[in-house]
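The values are calculated or read from the model by the stated rules, or taken from the named source; none is laboratory data. Just so we're clear, the structure is a prediction, and the values are computed from it rather than from any experiment. Reconstructed Cβ throughout: ideal geometry from the backbone, glycine too, with neighbour counts over all protein chains shown.
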Amino acid sequence: MELTRSKRIESIDILRGLVMIIMALDHTRDFFHQPAITGNPLDPATTTVPIYFTRWITHFCAPTFVFLSGVSAYLSSLRKTRAEASLFLIKRGLWLVLVEITIVTLGITANPFFGFIVLQVIWAIGWSMVILGLLSRISPKLVLIVGLLLFFGHNILDLVNLPKEGAGKTIMAIFFRASFTIIPLDSTHVAAAVYAILPWTGVMLLGYSIGTWFNRDFPAEKRKARLLQLGTGLIVLFIVLRATNAYGDTFPRVKGDSFRFNLLAFLNTTKYPPSLLYLSMTLGPSCLALAFLENVKGRWKDIVSVYGRVPFFYYICHFYLLHIILIIAFFATGHSTAEIISPFVPFNFRPATFGWGLPIVYLIWFSVVVLLYFPCRWYSQYKKTHTHWWLSYV
């Protein structure tokens, strides 16, 4: 059986690099922005415009990353038989679930006893890969059908009375409704279900389904036209549904007395769990970006692509670097060991009242991104020149 080969499309690496860079801003804000623990940056009634858009711009990161993970899964499958590709996705997915529970959780919380286990984007990607591996083994058409049903249909649950306690609530939270849902594990350990699995699976399945547009033999102009159509369609869908409050978000749009309030409220869609409006609002522009980034020139795109070629490596490293800086700042600002653990704060070394304003947050974010460029460039080159089996998992 002759397998179709693909060339690397630079627009994927550029866009993925951009969202990885922006993603670090949100986590820097969590660690270092003084009101991050005690305030809601997206509440139109209490936020400021700079704080709001510092948080809002990072909404694009997770949907784009999961979507491109689906595209990459398809392109990777071209070098394997269907059975081999399916098995690889299942194994890599389970590996990512383990990484989330251990390596990522430790980097976020700095708690070696794992009293607070975080189940967020890597967890959702891992299980989505397992599901994709199972479905793609059966039929690519099945992947598309299930992806469409999950993407456009999961908000139907907003109209259903779901279990409010017990195992039913936990199961629904894990698969559909997670919103920082706390799941007790024992007397000293809890898990926080932050990312609901199946809505994110829908995003990955659709990414996988458009992977054929990135085949080597697929005409570039046709790919650009389809991306423009898809992106525009999602943006129009978002505007229409948001304006009518008809469907697609767990929390309908609220109205205020000022243009500022109404604009912020219009854009404040639900991420936990990701609503259809949230996904349309973010993936629409991302598809347009994919179309326009394909032929860009300049040194900047080479720099950004470095992060996009090693996103998992960057993701792990940025949490540990941020927490090292946080620990240094914690002690440098006079805090004692008695304050390492704070009530209702999942991060150690981060008291609820700790932190600075946005200028310092942006300075730390910029510094972290610059510092990580060099190890990311080294690892990207290492992957190009080595063929160890484990490189496909990291």
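For the range 295-314, a residue qualifies if it is buried (at least 17 other Cβ atoms within 10 Å of the Cβ) and either under 20 Å from LEU228 (Cβ atoms) or among the polar types (S, T, N, Q) (or both), and the qualifying residues are LYS301, SER305. Of the set (1) touching a His at 6+ places or on another chain (Cβ under 9 Å); (2) assigned to a helix (DSSP H, G or I), all apply to ILE117 but (2). The set of residues in the range 123-143 that are of a type outside the set (Ser, Thr, Tyr) and either more than 15 Å from SER69 (Cα to Cα) or free of Cβ contacts under 8 Å to residues at least 60 places away in the same chain (or both) comprises GLY126, VAL130, GLY133, LEU134, LEU135, ARG137, ILE138, PRO140, LYS141, LEU142.
When THR54 is tested against (1) touching a Leu at 6+ places or on another chain (Cβ under 7 Å); (2) at pLDDT below 95; (3) polar (S, T, N, Q), just one condition goes unmet, and that condition is (2). The single condition from (1) over 25 Å from PHE60 (Cβ atoms); (2) surrounded by fewer than 22 Cβ atoms within 10 Å (Cβ to Cβ); (3) in contact (Cβ under 8 Å) with a residue 24 or more places away in the chain that LEU149 fails is (1).
What number of residues in the range 235-249 are within 10 Å of TYR278 (Cα to Cα) and surrounded by fewer than 13 Cβ atoms within 10 Å (Cβ to Cβ)? Within the range 235-249, residues that are within 10 Å of TYR278 (Cα to Cα) and surrounded by fewer than 13 Cβ atoms within 10 Å (Cβ to Cβ) number 0. Of the set (1) in contact with a Pro (Cβ under 7 Å, 6 or more places away or on another chain); (2) modelled with pLDDT of 95 or more, all apply to LYS169 but (2). Among residues of the range 88-122 being of a type in the set (D, E, K, R) and closer than 19 Å to PHE65 by Cα, the one that is surrounded by the fewest Cβ atoms within 10 Å (Cβ to Cβ) is ARG92.
Looking only at the range 290-325, filter to residues that are in contact with a Cys (Cβ under 6 Å, 6 or more places away or on another chain) and of a type in the set (Ser, Thr, Tyr); which one of those is farthest from PHE31 (Cα to Cα)?
Residues of the range 290-325 in contact with a Cys (Cβ under 6 Å, 6 or more places away or on another chain): 306-307, 310, 314.
Right, trim to of a type in the set (Ser, Thr, Tyr) and you get 307, 314.
On the way: TYR307: 22, TYR314: 18 Å.
Selected residue: TYR307.
When the range 111-144 is limited to residues that are touching a Phe, Trp or Tyr at 6+ places or on another chain (Cβ under 8 Å) and among the hydrophobic types (A, V, I, L, M, F, W, C), the one that is nearest to SER209 (Cα to Cα) turns out to be VAL143.
Scanning the range 152-168 for residues that are touching a residue at least 12 places away in the same chain (Cβ under 8 Å) and assigned to a helix (DSSP H, G or I) yields a count of 5. Summed over the range 349-369, the residues that are assigned to a loop (DSSP other than H, G, I, E, B), in contact with a Phe, Trp or Tyr (Cβ under 9 Å, 6 or more places away or on another chain) and in contact (Cβ under 8 Å) with a residue 40 or more places away in the chain give a count of 5. With respect to being basic (Lys, Arg), under 20 Å from SER11 (Cβ atoms) and out of contact with any Asp or Glu (no Cβ under 6 Å at 6 or more places or on another chain), ARG350 falls outside the description.
Residue-by-condition table, conditions (1) farther than 30 Å from SER76 by Cβ; (2) surrounded by 13 or more Cβ atoms within 10 Å (Cβ to Cβ); (3) at pLDDT below 95:
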residue: HIS323; (1), (2), (3): yes, yes, no
residue: SER342; (1), (2), (3): yes, yes, yes
residue: ILE360; (1), (2), (3): yes, yes, no
residue: SER392; (1), (2), (3): no, no, yes
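The single condition among (1) touching a helix residue (DSSP H, G or I) at 6+ places or on another chain (Cβ under 7 Å); (2) free of Cβ contacts under 8 Å to residues at least 12 places away in the same chain; (3) hydrophobic (A, V, I, L, M, F, W, C) that LEU198 does not satisfy is (2). You will find that of PHE331, PHE349, PHE354, the residue that is surrounded by fewer than 20 Cβ atoms within 10 Å (Cβ to Cβ) and either at pLDDT 95 or above or under 25 Å from the mean Cα position of the chain (by Cα) (or both) is PHE331 and no other.
Among residues of the range 370-394 that are closer than 20 Å to LYS91 by Cα and assigned to a loop (DSSP other than H, G, I, E, B), those with a Cβ under 8 angstrom from a residue that is modelled with pLDDT of 90 or more and among the hydrophobic types (A, V, I, L, M, F, W, C), sequence gap 6+ or separate chain, pair up as VAL394/PHE312; VAL394/PHE313. When restricted to residues that are hydroxyl-bearing (Ser, Thr, Tyr) and either surrounded by 23 or more Cβ atoms within 10 Å (Cβ to Cβ) or touching a Ser or Thr at 6+ places or on another chain (Cβ under 8 Å) (or both), the range 193-234 contains 3.
Residue-wise test of (1) buried (at least 22 other Cβ atoms within 10 Å of the Cβ); (2) modelled with pLDDT of 95 or more; (3) among the hydrophobic types (A, V, I, L, M, F, W, C).
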residue: LYS255; (1), (2), (3): no, no, no
residue: PHE261; (1), (2), (3): no, yes, yes
residue: THR270; (1), (2), (3): no, yes, no
residue: PRO285; (1), (2), (3): no, yes, no
residue: LEU290; (1), (2), (3): yes, yes, yes
residue: CYS317; (1), (2), (3): no, yes, yes
